[in-house]
Amino acid sequence: MRIRILCFSTLLFASLLGSAQTAGTSSQTSEFPKEIPSFDLSAIDKSIDPCVDFYQYSCGNWMRNNPIPPDKPSWGRFYELRDDNLYVLRDILEQAQAPGKRNAIQQKVGDFYAACMDESAIEKKGTAPLTSTMNQIAAVKTKRELTKQIGTMHRDGIPALFTFGQMPDMHDSRQTIADIDQGGLTLPDRDYYIKDDPKSVETRAKYVEHVQKMFELLGDKPERAAAEAKTVLAIETGLAKAAMDRTVRRDPHTRDHMMLAADAIALAPNFELSEYFVESGAPKFSSLNVSNPDFFKAVNQQIDSTSLDDWKIYLRWRTLDSYAPALPKAFVDEDFRFNGAFMSGQKEIEARWKRCVKSTDHSLGMALGQLYVDKTFGPEGKERTINMVHAIEAAMHQDVADLTWMSDTTKQKAYEKLNAIVNNIGYPDKWRDYSSVVVTRDEYAGNFRRASAFEVQRQRNKIAKPTDKKDWGMTPPTVNAYYRPPMNDINFPAGILQPPFYGKTMDDAVNYGAIGVVIGHELTHGFDDQGRKYDADGNLKDWWTPDDAKGFEDRANCTADEYSSFVAVKDDKGEVKLNGRLTLGENTADNGGLKLAYIALTSMIGNTPVKPIDGYTSQQRFFIAYGQIWCQNVTDQEARRLAIIDPHSPGRWRVNGAVQNSAGFQQAFGCKAGQPMVRENACRVW
Ligand SMILES: [Zn+2]
């Protein structure tokens with residue numbers, strides 16, 4: 001089944017996006033990972049003036065010498081770490097799958113991995129893993145039964161029509177409540193269904209072709225499959241039109257609609273939500289949040305106007321699409337052809353073992369993570385990181401104190417929030433118990449389904465209970481980091497606390513420029529355009545004076561306009577600029593993170609000149625380390641896809657966009673007014 005991304009948190013970068021297939025075949029041979037330097041002299045292009053294009057200066061040679069591997073849609077310095085991590089995890093899994101004396105955790109993850117690798121068993125099973133769900137769909141006799149069936153599918157982790165989940169109450173984050181929201185699309189965003197530019201039109205044509213092929217593989221006659229594909233597109237277009245734009249959704253107030261369960265049921269009677277809630281496996285609840293009431297109203301009509309047979313075609317498709325990566329090779333290849341090759345420009349599918357490692361991490365990640373942490377991450381890793389976090393928190397305190405546009409009243413509230421931030425480093429205090437998940441060695445799709453169902457139920461069980469702020473949103477091997485506004489916590493999994501982000505033997509300047517900026521980035525998320533709307537307790541509560549709120553908005557607008565002028569991709573299909581509003585929170589966090597980490601470094605090393613290393617001062621090494629975190633090459637297709645859905649800017653603009661606003665950078669490299677890396681009216685929020 002397909003790997004999905006995490007909600008309700010602000011990540012360091014897009015996590016697990018792209019064609020994250022979890023099964024299939026590839027002829028690629030595996031190589032040993034190479035060591036990743038924290039500071040890469042050979043990446044620098046000295047023919048470029050750092051004050052003209054700092055990204056090109058920091059990364060030019062890296063970009064030339066590191067083309068995108070055929071099995072990836074993009075490649076960058078932190079992707080190298082992600083890839084290296086897969087080798088470490090494979091060692092763990094190969095040991096865990098070997099017969100002999102294994103503990104319960106090894107047995108669980110080892111058998112899961114072994115079943116995923118057993119392609120002949122998967123071929124032999126054919127489409128049998130779909131049979132029970134397909135039979136249930138076929139047996140649906142009325143529209144009333146439709147929602148019940150969707151409830152069953154949701155419990156197995158198959159997404160359709162809308163989403164049902166849980167979240168901390170926006171107004172009392174101590175309590176977790178149920179939430180229903182828009183959903184049901186296969187393509188990555190509503191824009192793909194609605195826009196009429198040539199690329200969107202082409203994408204829809206290719207999508208219909210893909211759906212048809214998948215139905216044909218399932219055994220449907222070509223003519224019937226072609227009609228079914230058109231039906232799927234028509235239904236999903238209806239859902240897309242009813243969905244809220246992702247940029248609008250950034251404002252949490254647009255999603256804040258608490259209501260009685262009875263009112264939600266009455267809002268969209270055709271959804272038969274009372275049946276659904278019973279079927280969903282959630283504990284009883286009397287009220288819930290409806291993130292997008294307009295979606296439910298609009299789709300309520302659509303349920304009426306679309307025939308039952310057409311709805312059943314849509315459910316068959318969602319099931320087929322969801323399981324595709326766990327089916328025989330023909331399905332995996334077709335799934336890759338569309339999602340990997342066409343949508344992301346990836347030339348080859350990833351080696352099977354890599355997909356199986358990712359799949360195990362996705363399904364049983366806290367068990368695999370436990371073995372990973374034992375092998376790679378000691379208590380000293382935790383301690384060093386906490387010390388850096390404290391230094392950067394102190395820098396933020398200093399930074400807020402120095403702001404000239406903010407009143408003391410609001411500053412006091414900002415300090416309160418800053419002091420309340422919880423730091424989660426490395427791995428959770430308590431490991432997740434997967435003992436109830438049945439894993440067999442010969443049934444990959446079944447294992448995946450049971451692990452998905454376990455996770456869905458685990459999330460359901462949180463409803464109507466005190467919020468578990470200790471539950472992690474990422475597994476320990478993940479190379480990423482996140483901030484969660486309702487939890488007011490920053491989280492750094494063990495996976496990211498390695499080179500190029502953190503090097504044990506590196507000078508402070510380099511570590512502060514890399515993981516230090518990441519820490520500052522996550523801290524700043526608590527105070528970006530979304531985060532600032534939540535208070536110290538994680539509640540949606542305005543703690544700003546009107547003047548200070550306006551001061552913030554004016555400064556944020558500067559950042560939004562700046563990034564909106566940057567080009568994300570320019571190819572034969574035209575030019576796409578960044579959406580400065582969609583990426584506002586991340587850009588604010590990048591600018592803030594760079595500033596905070598620099599303050600922390602400066603207060604540590606002072607102003608006494610340090611002997612340059614490799615010809616660079618500490619200040620210069622700090623900024624180059626930052627620039628080099630984001631060295632990357634991206635296919636045009638992937639750049640285009642990310643410009644629509646990714647709240648993060650591409651590497652070039654994460655670097656150049658932020659240093660243009662940084663007086664510290666300009667000083668470090670002696671840049672002069674009028675040069676491209678010196679912005680005339682620098683944007684500064686924090
Ligand atoms: Zn972020």
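The values are calculated or read from the model by the stated rules, or taken from the named source; none is laboratory data. All figures in this text were calculated on a predicted structure; none of them were measured in a lab. All Cβ positions, glycine included, derive from the backbone under ideal geometry; neighbour counts span all protein chains shown. With ligands, DNA and RNA removed, areas are computed over all heavy atoms of the protein, side chains included. Shrake-Rupley method; radii C 1.70, N 1.55, O 1.52, S 1.80 Å.
Below are the figures for this structure:
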{"read-out": "Inter-centroid distance (Cα atoms) of the stretch 238-314 relative to the stretch 436-496, Å", "value": "24"}
{"read-out": "Sparse-neighbourhood loop sites, trypsin sites (Lys or Arg not before Pro) in the stretch 588-686 - DSSP loop, at most 14 other Cβ within 10 angstrom", "value": "Lys672"}
{"read-out": "DSSP bridge pairs, the chain: antiparallel proportion in percent, nearest 5", "value": "80"}
{"read-out": "Positive-end residue of His154, Val438, Gln212, charge dipole of the chain with Cβ unit charges", "value": "Val438"}
{"read-out": "Restraint check, Lys469/Lys577; Lys72/Lys329; Lys382/Lys413; Lys241/Lys577, Cα-Cα greater than 27 Å", "value": "Lys469/Lys577; Lys382/Lys413"}
{"read-out": "Long-range HN-HN contacts of Val422 with modeled amide H, under 5 Å", "value": "Asp489, Ile490"}
{"read-out": "Hz values of 3J(HN,Hα) by residue in the stretch 356-362 - Karplus curve (6.51, -1.76, 1.60), Gly and Pro given as x", "value": "6, 4, 4, 5, 5, 4, 5"}
{"read-out": "Vicinal HN-Hα couplings computed from phi for the stretch 149-164 (Karplus, 6.51 cos²θ - 1.76 cosθ + 1.60; Hz; Gly/Pro x)", "value": "5, 4, x, 5, 5, 4, 5, 8, x, 9, x, 7, 6, 7, 10, 10"}
{"read-out": "Spatially proximal lysines relative to Lys411 (Cα-Cα < 23 Å; intrachain offsets below 8 disregarded)", "value": "Lys533, Lys541, Lys550, Lys595"}
{"read-out": "Under the Karplus curve 6.51 cos²θ - 1.76 cosθ + 1.60, θ = phi - 60°, whole-Hz ³J(HN,Hα) for the stretch 248-259, x wherever Gly or Pro sits", "value": "4, 5, 4, 7, x, 5, 5, 10, 9, 9, 6, 8"}
{"read-out": "Net dipole in debye of the stretch 119-233 [+1 Lys, Arg Cβ; -1 Asp, Glu Cβ; about Cα centre; nearest 20]", "value": "440"}
{"read-out": "Per residue solvent-accessible surface (Å²) - the chain, probe of 1.4 Å", "value": "39"}
{"read-out": "Relative pair counts by distance (%), Cα atoms of the stretch 573-612, 10 Å bins", "value": "24, 29, 23, 17, 8, 1"}
{"read-out": "The chain: C-alpha gyration tensor shape, a/c 1.5 cut-off, then a/b vs b/c", "value": "prolate"}
{"read-out": "Over the chain, relative contact order from alpha-carbon pairs under 8 Å, at least 6 apart, %", "value": "23"}
{"read-out": "Mean ellipticity per residue at 222 nm, deg cm²/dmol - from DSSP H runs of n ≥ 4 across the chain, formula -39500 (n - 2.57)", "value": "-16000 deg cm²/dmol"}
{"read-out": "Ala568 long-range amide H proximity, modeled H, under 5 Å", "value": "Val576, Lys577, Leu578"}
{"read-out": "Value of relative contact order over the stretch 119-237, rounded to a whole percent, pairs C-alpha under 8 Å and six or more apart", "value": "15"}
{"read-out": "The stretch 176-307, relative contact order in percent, only Cα pairs under 8 angstrom and at least six apart counted", "value": "35"}
{"read-out": "Whichever aspartates and glutamates have a C-alpha closer than 12 Å to that of Lys504, once near sequence neighbours (fewer than 8 apart) are set aside", "value": "Glu380"}
{"read-out": "Under-5 Å amide H pairs with Ser287, H placed in peptide plane, nonlocal only", "value": "Ala261"}
